[in-house]
Amino acid sequence: MAEEICNGIDDDCDTIRDEEPPTGSLCEVTGQVCTGATCQCPVGQQACGGTCQPYAEACTVGIGACMRIGANTICDGGTFVCNVSPGTPVTGGALQWKRRQLQRRTERRRGQCANLLPRL
């Protein structure tokens, strides 16, 4: 009698196609199930490092102004890692320019709000 594999065929001639064996699995990747003659991870997961793992979950890297938001989509060393890198800190003249820009924006917004207040 042949061993059952995930292929849509009744390999062991027991009139049931692609049934799971009493021990182990029809699929090589841990967590996959045999559906429609193919091994698949559950929805929202993909195979990485021999197991089904959550895929494309939101992630952040870096701290403060250097923080970036991405998704865990790169399989590295058996786990999914974030697909972005931390930003580069702004220093020196660039930092002073950025501060001036933010200060001007804040002053403009204050001026716009002052015009909206009723005069007493």
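How large is ³J(HN,Hα) for each residue in segment 41-54, as worked out from phi by the Karplus curve 6.51 cos²θ - 1.76 cosθ + 1.60 (θ = phi - 60°), to whole Hz, x for Gly and Pro?
7, x, 4, x, 10, 9, 6, 7, x, x, 9, 7, 9, x
Using the beta-carbon distance between Ser25 and Ile63 and R0 = 35 Å, what value does 1/(1 + (r/R0)^6) give for FRET efficiency, to the nearest 0.05?
About 0.25, to the nearest 0.05.
Equivalent ellipsoid semi-axes for segment 24-78, as square roots of 5 times the alpha carbon gyration tensor eigenvalues: give them largest first, rounded to whole Å.
They are 31, 11, 6 Å, listed from largest to smallest.
Values quoted throughout were computed directly from the atomic coordinates according to the rules given, and no laboratory measurement underlies them. The shown structure was predicted, so the numbers you read here are calculated from the model rather than taken from an experiment. Neighbour counts run over all protein chains shown; Cβ positions are idealised from the backbone, glycine included.
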